[in-house]
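Please treat every number below as a calculation from the coordinates, not as lab data. What you see is a predicted model, and the numbers here were worked out from it, not measured in a lab. Here Cβ is always computed from backbone atoms with ideal geometry, including for glycine, and neighbour counts include all displayed protein chains.
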Amino acid sequence: MLELYHNINSVCAQKVRIALYEKDQEVKEHLLTLQGDQNDPAYMKLNPNGVVPTLVHDGNVITESSLILYYIDEAFPEPALMPKAPIARHRTRLYNKLIDEYVHNACTILTFATAFRPRFLKMKREDWLAEINKAPLQRRAEYKRSVIEHGLDSEFAVDAVHQHQKLISWMAYDLKRGPYLTGDAFSNADCAVIPYILRLELLKLDGMWSTEPAIADWWHRVQKRPSVKATIFERMKEMDWAPFRNLSPDPWPKVESLLKAA
């Protein structure tokens, strides 16, 4: 039996849902709002970091989204989401490592500096500080404090933009050599990257790949993939789209200036 604790908008959960769909695996879902319920003691017993997703397979708890992707591919081998060639397997792991170590935090920073910031600014400072300080990972709480207070003028915004630009440059390089990120077949690299490109688009930052037609073509194709449609676009309700509608101010001019300043 498979159980998945997740959130519709969570980029980490989205990649796992894509992989599970590709494997034709049904799961019992537990939806979290991520507005405090991720810190509930019952959930923290499953995932002490208080993040999603968490996969439970026959009673065994599997955490960390990139590791969950590898686990799913090993537990359910067909169709394979890891390439056969060693160099392509290595490249797939590199994408996951880049995301885990740099891009995910960068995504959190840009999202909280733009789409999520208005909700917090409507609250008393002590209230939103109390909410974000509940997170076990205090470094992430520090990022959030800074971008809620300063938006894209935060000291962390420049590096966040540059980490996304590094991801874009990797994709541009690889997609000139094949239709997917690590070759001719859809892989765990694509599963991992799709949510972050979607998030950039939702934040009106798709200008980051406006000069890269190979990325635009890849993005157009993967959005039509049944796994992506079913697990992301068809799952998002108005409450999920709402934070990204009518972003004000438009973040692209500021981000573009940060890119040019590099």
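For the reader, a short list of remarks on this structure follows.
- Evaluated on the chain, the Kirkwood hydrodynamic radius is 19.0 Å, with distances taken between all distinct Cα atoms.
- Note on Glu126 and Ala141: the extension gain reaches 4.0 nm, defined as 0.36 nm multiplied by sequence separation minus the Cα-Cα distance.
- Taking all Cα-Cα distances within the range 36-94, those exceeding 19 Å account for 41%.
- Sparse-neighbourhood loop sites, GluC sites (Glu not before Pro) in the range 25-88 - DSSP loop, at most 12 other Cβ within 10 angstrom: Glu26
- Cα centroid of the range 101-115 to Cα centroid of the range 1-73, whole Å: 20
- A dipole drawn for the chain from +1 and -1 charges on Cβ atoms has a positive end, and of Ala135, Pro195, Pro213 the residue lying farthest that way is Pro213.
- Distance in nm between pseudo-label sites at Trp252 and Phe233 (7 Å out along the Cβ direction from Cα): 2.0
- Averaging Cα coordinates gives a centre for the range 240-262 and one for the range 157-202; these two points are 19 Å apart.
- Remark: spin-label model distance Glu101-Ile87 equals 2.1 nm, labels positioned 7 Å along the Cα→Cβ axis.
- Sorted largest first, extent of the range 116-262 alpha carbons per principal axis (Å): 51, 37, 31
- Computed over the range 1-150, relative contact order equals 22 percent, with contacts defined as Cα pairs under 8 Å that lie 6+ residues apart.
- Annotation: lysines with alpha-carbon distance below 21 angstrom to Lys254 (same-chain offsets under eight excluded): Lys144, Lys166, Lys204.
- Rounded to the nearest 20 debye, the dipole size of the chain about its Cα centre is 400 debye, using +1 on the Cβ of Lys and Arg and -1 on the Cβ of Asp and Glu.
- For the chain, the share of DSSP beta bridges that are antiparallel, to the nearest 5, is 70%.
- Applying a DSSP loop filter and a limit of 16 other Cβ atoms within 10 Å to the GluC sites (Glu not before Pro) in the range 221-262 leaves Glu234.
- Space enclosed by the convex hull of the alpha-carbon atoms of the range 1-121, per residue, Å³: 109
- The alpha-carbon atoms of the range 160-203, seen along their principal axes, cover 29, 17, 13 angstrom, with the largest extent given first.
- Cross-link partners of Lys229 among lysines (Cα-Cα below 16 Å; sequence separation of 8 or more within a chain): Lys15, Lys23, Lys237
- Against the empirical curve 2.2 N^0.38 Å, the C-alpha radius of gyration of the range 73-193 lands at a ratio of 1.32.
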